[in-house]
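First comes the structure, then the notes that go with it.
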Amino acid sequence: VTLSDCYVTLWLPTASAEKVRTRTIRNCKNPVWNEAFCYKIDRRVKNVLELKVCDEDTVTRDDELCTVLFDIDKLTVGRTVRVKFQLNPQAREELEVEFTLQNT
């Protein structure tokens, strides 16, 4: 059994045309990134953040393991919210993300 070389891409199309990504955590079953990403949000439009968990491969194309969407409108300014996304309920795999919406 091989362990994954996981990273997460984040994309908020209403804030940026470019996707950003975490660093790759190599040979790990339960990676922890502990990274922060900032976006400028326009509250007049629908903001849905796409988070994609991927397995990095050196020889072939990276595997997309799971994609989850999060509606930024669920956030309240100044309050931190921790969300657990179920990736694979049978294997009890989840992606835990902390969101904070701030005024600038």
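Quick one: which residue in D73, D63 is acidic (D, E), closer than 24 Å to N103 by Cβ and surrounded by 12 or more Cβ atoms within 10 Å (Cβ to Cβ)?
Exactly one residue qualifies, and that residue is D73.
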- Query: Of the residues that make up the range 92-104, is at least one loosely packed, with under 12 Cβ neighbours inside 10 Å, in contact with a Lys or Arg (Cβ under 9 Å, 6 or more places away or on another chain), β-branched (V, I, T) and part of a loop (DSSP other than H, G, I, E, B)?
  - Reply: yes
- With criteria (1) surrounded by 14 or more Cβ atoms within 10 Å (Cβ to Cβ); (2) assigned to a loop (DSSP other than H, G, I, E, B); (3) of a type outside the set (K, R), C6 comes up short on (2)
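Sort out which residues of the range 41-62 are closer than 24 Å to A17 by Cβ and outside any strand (DSSP E or B), and write them in order of number.
I41, D42, R43, R44, V45, K46, N47, E56, R61, D62, listed by residue number.
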- Query: Within the range 54-74, can you find the residues that are under 21 Å from T14 (Cα atoms), more than 11 Å from the chain's Cα centre (by Cα) and at pLDDT 95 or above?
  - Reply: D71, I72
- Task: State whether the residues of the range 70-79 include one that is in contact with a strand residue (DSSP E or B) (Cβ under 7 Å, 6 or more places away or on another chain), without any contact (Cβ under 8 Å) to a residue 40 or more places away in the chain and among the acidic types (D, E).
- Result: yes
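How many residues are over 22 Å from L75 (Cβ atoms), out of contact with any Leu (no Cβ under 9 Å at 6 or more places or on another chain) and modelled with pLDDT of 95 or more when one looks only at the range 1-16?
Result for the range 1-16: 2.
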- Message: For the range 75-84, which positions are over 19 Å from P13 (Cβ atoms) and either hydrophobic (A, V, I, L, M, F, W, C) or over 12 Å from the mean Cα position of the chain (by Cα) (or both)?
- Response: T76, V77, G78, R79, T80, V81, R82, V83
- Among the residues of the range 86-101, is there at least one that is free of Cβ contacts under 8 Å to residues at least 12 places away in the same chain and among the small types (G, A, S)? yes
- Message: Looking at the range 35-48, I want the residues that are modelled with pLDDT under 95 and have a partner that is surrounded by 14 or more Cβ atoms within 10 Å (Cβ to Cβ) and outside any loop (DSSP other than H, G, I, E, B) with Cβ atoms under 7 Å, at least 6 apart or on another chain. Which pairs are those?
- Response: I41/I72
- Taking N47 as meeting all but one of (1) more than 11 Å from the chain's Cα centre (by Cα); (2) of a type in the set (S, T, N, Q); (3) within 15 Å of T9 (Cα to Cα), write down the number of the exception. (3)
- Query: Among the residues of the range 63-73, is there at least one that is of a type in the set (D, E) and part of a loop (DSSP other than H, G, I, E, B)?
  - Reply: no
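The values are calculated or read from the model by the stated rules, or taken from the named source; none is laboratory data. Owing to the predicted nature of the structure, the values given are computational and were not obtained by experimental measurement. Counting neighbours? That spans all protein chains shown, and the Cβs are built from the backbone with ideal geometry, glycine included.
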